[in-house]
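The values are calculated or read from the model by the stated rules, or taken from the named source; none is laboratory data. Just so we're clear, the structure is a prediction, and the values are computed from it rather than from any experiment. Positions of Cβ are generated from backbone atoms using ideal geometry, with glycine treated the same way; all protein chains shown enter the neighbour counts. With ligands, DNA and RNA removed, areas are computed over all heavy atoms of the protein, side chains included. Shrake-Rupley method; radii C 1.70, N 1.55, O 1.52, S 1.80 Å.
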Amino acid sequence: MRVLITTEQIHARLDEMARQIAPEYHGQPLTIVGVLTGSVMFLADLVRRLDMPLRIGLIQASSYRGAVSGELRIDASLLADVRGRHVLLLDDILDTGQTLARLVQHLHEQGALSVKVAVLLRKQGRQVHPVNVDFVGFEIPDAFVVGYGLDYNDEHRQLPYVAVLSS
Ligand code: XMP
(Lines give C-alpha, C1' and ligand atoms only; values in the text may rest on other atoms or scores of the structure.)
Protein backbone atom coordinates (compact mmCIF):
# COMPACT_ATOMS: atom_id res chain seq x y z
CA MET A 1 0.00 0.00 0.00
CA ARG A 2 1.36 3.43 -0.92
CA VAL A 3 0.24 6.46 1.05
CA LEU A 4 -1.20 9.06 -1.32
CA ILE A 5 -2.54 11.62 1.16
CA THR A 6 -1.26 11.75 4.73
CA THR A 7 -3.34 12.33 7.86
CA GLU A 8 -1.72 15.76 8.25
CA GLN A 9 -2.62 16.74 4.69
CA ILE A 10 -6.22 15.63 5.21
CA HIS A 11 -6.61 17.60 8.41
CA ALA A 12 -5.05 20.74 6.95
CA ARG A 13 -7.33 20.55 3.93
CA LEU A 14 -10.40 20.00 6.13
CA ASP A 15 -9.53 23.19 8.02
CA GLU A 16 -9.56 25.04 4.69
CA MET A 17 -12.76 23.39 3.49
CA ALA A 18 -14.56 24.27 6.73
CA ARG A 19 -13.49 27.88 6.28
CA GLN A 20 -14.95 27.85 2.74
CA ILE A 21 -18.18 26.11 3.71
CA ALA A 22 -19.17 28.00 6.88
CA PRO A 23 -19.87 31.43 5.30
CA GLU A 24 -22.13 29.82 2.66
CA TYR A 25 -24.66 28.86 5.31
CA HIS A 26 -24.47 31.68 7.81
CA GLY A 27 -27.79 31.78 9.71
CA GLN A 28 -29.46 29.24 7.39
CA PRO A 29 -31.08 25.91 8.28
CA LEU A 30 -28.45 23.36 7.24
CA THR A 31 -28.45 19.57 7.13
CA ILE A 32 -25.17 17.85 6.31
CA VAL A 33 -25.89 14.50 4.70
CA GLY A 34 -23.17 11.86 4.59
CA VAL A 35 -23.29 9.04 2.07
CA LEU A 36 -22.82 5.70 3.84
CA THR A 37 -20.42 4.16 4.44
CA GLY A 38 -17.45 5.85 2.84
CA SER A 39 -18.11 9.37 4.09
CA VAL A 40 -18.15 8.64 7.82
CA MET A 41 -14.59 9.82 8.58
CA PHE A 42 -14.96 12.87 6.35
CA LEU A 43 -18.31 13.71 7.94
CA ALA A 44 -17.08 13.32 11.51
CA ASP A 45 -13.93 15.37 10.95
CA LEU A 46 -15.59 18.10 8.90
CA VAL A 47 -18.61 18.79 11.14
CA ARG A 48 -16.35 19.22 14.16
CA ARG A 49 -14.74 22.11 12.32
CA LEU A 50 -18.06 23.87 11.66
CA ASP A 51 -18.98 26.06 14.59
CA MET A 52 -22.60 26.69 13.58
CA PRO A 53 -26.06 25.17 14.03
CA LEU A 54 -26.53 22.16 11.78
CA ARG A 55 -28.17 18.78 11.61
CA ILE A 56 -26.51 15.56 10.48
CA GLY A 57 -28.20 12.97 8.27
CA LEU A 58 -27.14 9.77 6.58
CA ILE A 59 -28.18 8.27 3.28
CA GLN A 60 -27.19 5.13 1.42
CA ALA A 61 -27.01 4.39 -2.27
CA SER A 62 -26.34 0.93 -3.62
CA SER A 63 -26.56 -0.76 -6.99
CA TYR A 64 -29.49 -3.06 -7.59
CA ARG A 65 -28.14 -6.59 -7.61
CA GLY A 66 -28.72 -8.27 -10.95
CA ALA A 67 -30.42 -5.25 -12.44
CA VAL A 68 -29.39 -3.21 -15.44
CA SER A 69 -26.13 -1.50 -14.54
CA GLY A 70 -26.59 2.07 -13.54
CA GLU A 71 -29.68 1.56 -11.41
CA LEU A 72 -29.27 2.71 -7.85
CA ARG A 73 -31.37 2.00 -4.81
CA ILE A 74 -31.52 4.88 -2.35
CA ASP A 75 -32.15 4.19 1.32
CA ALA A 76 -33.08 7.43 3.07
CA SER A 77 -34.70 5.85 6.11
CA LEU A 78 -32.08 7.38 8.43
CA LEU A 79 -32.55 10.86 7.02
CA ALA A 80 -34.93 13.30 8.71
CA ASP A 81 -37.10 15.60 6.59
CA VAL A 82 -35.01 18.06 4.57
CA ARG A 83 -37.94 20.14 3.34
CA GLY A 84 -37.16 23.80 3.84
CA ARG A 85 -33.53 23.12 4.69
CA HIS A 86 -30.28 23.62 2.80
CA VAL A 87 -28.40 20.37 2.26
CA LEU A 88 -24.68 19.81 1.97
CA LEU A 89 -24.14 16.31 0.62
CA LEU A 90 -20.81 14.70 1.55
CA ASP A 91 -19.18 11.76 -0.17
CA ASP A 92 -15.76 10.20 0.03
CA ILE A 93 -14.98 10.17 -3.67
CA LEU A 94 -16.37 11.39 -6.98
CA ASP A 95 -15.72 8.75 -9.60
CA THR A 96 -18.16 8.57 -12.53
CA GLY A 97 -20.59 10.90 -10.74
CA GLN A 98 -23.51 8.52 -10.98
CA THR A 99 -24.12 8.19 -7.23
CA LEU A 100 -23.98 11.89 -6.45
CA ALA A 101 -26.02 12.94 -9.49
CA ARG A 102 -28.80 10.59 -8.39
CA LEU A 103 -28.63 11.66 -4.74
CA VAL A 104 -28.73 15.36 -5.61
CA GLN A 105 -31.85 14.73 -7.67
CA HIS A 106 -33.41 12.75 -4.80
CA LEU A 107 -32.75 15.51 -2.26
CA HIS A 108 -34.27 18.14 -4.54
CA GLU A 109 -37.32 15.91 -4.92
CA GLN A 110 -37.55 15.77 -1.11
CA GLY A 111 -37.90 19.56 -1.01
CA ALA A 112 -34.43 20.72 0.01
CA LEU A 113 -33.99 24.48 -0.42
CA SER A 114 -30.61 23.92 -2.03
CA VAL A 115 -28.23 21.00 -2.47
CA LYS A 116 -24.48 21.50 -2.57
CA VAL A 117 -21.89 18.75 -2.79
CA ALA A 118 -18.56 18.28 -1.04
CA VAL A 119 -16.22 15.38 -1.78
CA LEU A 120 -12.94 14.53 -0.18
CA LEU A 121 -11.49 13.14 -3.41
CA ARG A 122 -12.19 13.68 -7.09
CA LYS A 123 -10.73 11.19 -9.56
CA GLN A 124 -9.42 12.92 -12.62
CA GLY A 125 -10.79 12.00 -16.02
CA ARG A 126 -13.56 9.72 -14.77
CA GLN A 127 -16.75 11.81 -14.60
CA VAL A 128 -19.41 10.88 -17.12
CA HIS A 129 -22.56 11.85 -15.16
CA PRO A 130 -22.82 15.61 -14.83
CA VAL A 131 -22.86 16.70 -11.21
CA ASN A 132 -21.93 20.06 -9.83
CA VAL A 133 -19.38 19.66 -7.04
CA ASP A 134 -19.00 22.74 -4.88
CA PHE A 135 -16.16 21.70 -2.57
CA VAL A 136 -13.30 19.32 -3.41
CA GLY A 137 -10.64 18.17 -0.96
CA PHE A 138 -8.10 16.65 -3.32
CA GLU A 139 -7.84 15.84 -7.02
CA ILE A 140 -6.37 12.37 -7.41
CA PRO A 141 -5.21 10.26 -10.35
CA ASP A 142 -7.34 7.40 -11.64
CA ALA A 143 -6.22 4.73 -9.15
CA PHE A 144 -8.12 2.60 -6.65
CA VAL A 145 -7.74 4.14 -3.23
CA VAL A 146 -8.55 2.98 0.28
CA GLY A 147 -8.50 4.41 3.79
CA TYR A 148 -10.18 7.28 5.56
CA GLY A 149 -13.57 5.66 4.92
CA LEU A 150 -12.78 4.12 1.56
CA ASP A 151 -12.72 0.35 1.38
CA TYR A 152 -11.70 -2.68 -0.58
CA ASN A 153 -14.07 -5.53 0.25
CA ASP A 154 -15.29 -3.49 3.23
CA GLU A 155 -11.79 -3.39 4.73
CA HIS A 156 -9.21 -0.60 5.23
CA ARG A 157 -11.83 2.06 6.02
CA GLN A 158 -10.24 2.77 9.41
CA LEU A 159 -6.87 3.88 8.03
CA PRO A 160 -6.26 7.52 8.97
CA TYR A 161 -4.76 8.27 5.53
CA VAL A 162 -5.63 7.63 1.88
CA ALA A 163 -3.53 4.99 0.14
CA VAL A 164 -3.30 3.39 -3.28
CA LEU A 165 -3.98 -0.30 -3.06
CA SER A 166 -1.21 -2.17 -4.81
CA SER A 167 -1.99 -5.52 -6.38
P1 XMP B 1 -19.56 7.00 -8.79
O2 XMP B 1 -19.05 6.28 -10.00
O3 XMP B 1 -21.04 6.82 -8.61
O4 XMP B 1 -18.87 6.21 -7.63
O5 XMP B 1 -19.11 8.43 -8.74
C6 XMP B 1 -18.82 6.67 -6.36
C7 XMP B 1 -18.61 5.51 -5.43
O8 XMP B 1 -17.75 4.50 -6.00
C9 XMP B 1 -16.89 4.01 -5.02
N10 XMP B 1 -15.50 4.23 -5.46
C11 XMP B 1 -14.40 3.89 -4.79
N12 XMP B 1 -14.25 3.31 -3.58
N13 XMP B 1 -11.91 3.41 -3.80
C14 XMP B 1 -13.00 3.06 -3.10
O15 XMP B 1 -12.86 2.54 -2.00
C16 XMP B 1 -11.96 4.00 -5.01
O17 XMP B 1 -10.92 4.31 -5.58
C18 XMP B 1 -13.28 4.26 -5.52
N19 XMP B 1 -13.73 4.81 -6.68
C20 XMP B 1 -15.08 4.79 -6.61
C21 XMP B 1 -17.21 4.78 -3.75
O22 XMP B 1 -18.09 4.00 -2.98
C23 XMP B 1 -17.94 6.01 -4.21
O24 XMP B 1 -18.87 6.51 -3.27
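Here are a few things to note about the model shown:
- Residue match in the range 79-90 (condition: touching a residue at least 12 places away in the same chain (Cβ under 8 Å) and within 13 Å of the ligand (Cβ to nearest atom)): yes
- Residue check for GLY149: in contact with a Ser or Thr (Cβ under 7 Å, 6 or more places away or on another chain), at positive phi, at pLDDT 95 or above and not β-branched (Val, Ile, Thr): yes
- Checked against the criterion of being within 15 Å of the ligand (Cβ to nearest atom), open to solvent by 30 Å² or more (accessible area, probe 1.4 Å) and closer than 23 Å to VAL136 by Cβ, the candidates VAL33, VAL40 yield just one match: VAL40.
- Those residues of the range 103-129 which are surrounded by fewer than 17 Cβ atoms within 10 Å (Cβ to Cβ), within 22 Å of SER77 (Cα to Cα) and in contact (Cβ under 8 Å) with a residue 24 or more places away in the chain, in sequence order: GLN110, GLY111, LEU113, SER114
- Top-ranked residue of the range 130-146 - restricted to ones that are within 14 Å of the chain's Cα centre (by Cα) and open to solvent by less than 70 Å² (accessible area, probe 1.4 Å), ranked as nearest to the ligand (Cβ to nearest atom): VAL131
- Within the range 43-84, considering residues that are at pLDDT 95 or above and open to solvent by less than 30 Å² (accessible area, probe 1.4 Å), the one nearest to PRO29 (Cα to Cα): VAL82
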